[in-house]
Amino acid sequence: MSRIQATLAALAAHGRKALIPYVTAGDPFADATPQIMQALADGGADIIELGVPFSDPMADGPVIQKASERALARGIGATQVLDMVRAFRKGNDRTPVVLMGYANPVERYDQRHGAGSFIRDAAAAGVDGLLVVDYPPEECEAFAAQLKAVGLDLIFLLAPTSTEQRMQQVGRIASGYVYYVSLKGVTGAGHLDTAAVAEMVPRIRRHVSVPVGVGFGIRDAATARAVGAVADAVVIGSRLIQILESQTRDNATSAAQAFMAEIRAALDA
């Protein structure tokens, strides 16, 4: 059982929902990411999604796009992201880490370091799962098998437009959890329809045996609690990045921890 699977199973056994924050590696300060990750864990995060900066992110809205641009301007790439995970693991061997990003950085890493090197090095660094936005399930069964061989989970996105066939395809090879994109749009969009989420999650569960996390449009304790009532996990990213980008270097970790504690309290209420 992977660290992600063990974490989600333990939460479910106690009737609790997983809190999964997303931050972009290297933003807002290139040297602060491991400390921010620990602050998120201290505030109640159960799993951390760490964004791999990329210049053309198709699923990300303006907030996360700008975070990626800032990180890229500081020279943050896949190699530096793995270094950040290693640094985080020096003080935390419990909280699962999922790298979220796009195919280009993964494939570029393999071009530079040899076939299969990204998976190998991610596992060695302490990564627990990958979510590659532009790897559709029908084209990455071999990739999923390579991840499974080193104990990593492959996480897929599902959307309001996903067909029953797509849910079945994802259900065959997904592990860890699936990430339901609650909106027809990009990250950070508004107008979250919790009733629509409540209708969609049971449909997904008919085809997927792993837990279902919900993200996109969750910005505060109230929406997190509403989504947590029907999903297994709540994913929150754009609002967290907005909070962090307004902080000084000294205040970033305390702001991250305080925001997580607020969302955690709402989920546990």
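Across region 1-136, C-alpha contacts under 8 Å between residues 6 or more apart give a mean separation that, scaled by the residue count, equals a relative contact order of 27 percent. Assuming charge only on the beta carbon of Lys and Arg (+1) and of Asp and Glu (-1), the dipole of the chain about its Cα centre is about 360 debye to the nearest 20. Remark: spin-label model distance THR248-LYS90 equals 2.5 nm, labels positioned 7 Å along the Cα→Cβ axis.
Could you please report the charge total around ALA221, scoring K, R as +1 and D, E as -1 over all other residues with beta-carbon less than 10 angstrom from its beta-carbon? Provide the component values of the computation, followed by the final result.
Numbers: positive: ARG219, ARG225, ARG264; negative: ASP220, GLU262.
After counting each charged neighbour, the total is +1.
If R0 is 35 Å, what FRET efficiency do you get for ARG203 and ALA145 from their C-beta distance, rounded to 0.05? Computed FRET efficiency for ARG203 and ALA145: 0.80.
Other residues within the sphere of radius under 15 Å centred on the Cβ of ASP121, judged by their own Cβ, net out at +1 (K and R +1, D and E -1). Measuring nothing but how far apart in sequence close Cα pairs (under 8 Å, 6+ apart) lie, relative to its length, the chain scores a relative contact order of 23 percent.
If you average the C-alpha positions of region 1-68 and of region 102-120 separately, how far apart do those two centres end up, in angstrom? Centre-to-centre distance over Cα atoms comes out at 21 Å. A simple packing score, the average count of other Cβ atoms within 10 Å per residue, orders the peptides 48-58, 16-26 as 16-26, 48-58, with the highest score first.
At full extension, ALA269 and ARG112 could sit 51.7 nm farther apart than now, given 0.36 nm per residue minus the alpha carbon distance.
Taking label positions 7 Å along the Cα-Cβ direction at both GLN165 and ARG16, the computed distance is 4.2 nm, reported to one decimal. One decimal place: the segment ASP31-ALA9 gains 4.6 nm when fully extended, by the rule 0.36 nm per residue minus the C-alpha distance. Between ASP83 and ALA261, how high is the FRET efficiency from 1/(1 + (r/R0)^6) when r is the Cβ-Cβ distance and R₀ = 25 Å? Nearest 0.05. Here the calculated transfer efficiency is 0.35. Taking a ≥ b ≥ c as the square roots of the eigenvalues of the alpha-carbon gyration tensor, region 3-268 is classed rounded because a/c is under 1.5.
Every number in this text was worked out from the coordinates using simple rules, so none of it is lab data. Note that the coordinates shown come from a computational prediction; the quantities given were computed from them, not determined experimentally. Heads up, the Cβs are rebuilt from the backbone with ideal geometry, glycines too, and the neighbour counts pull from every protein chain shown.
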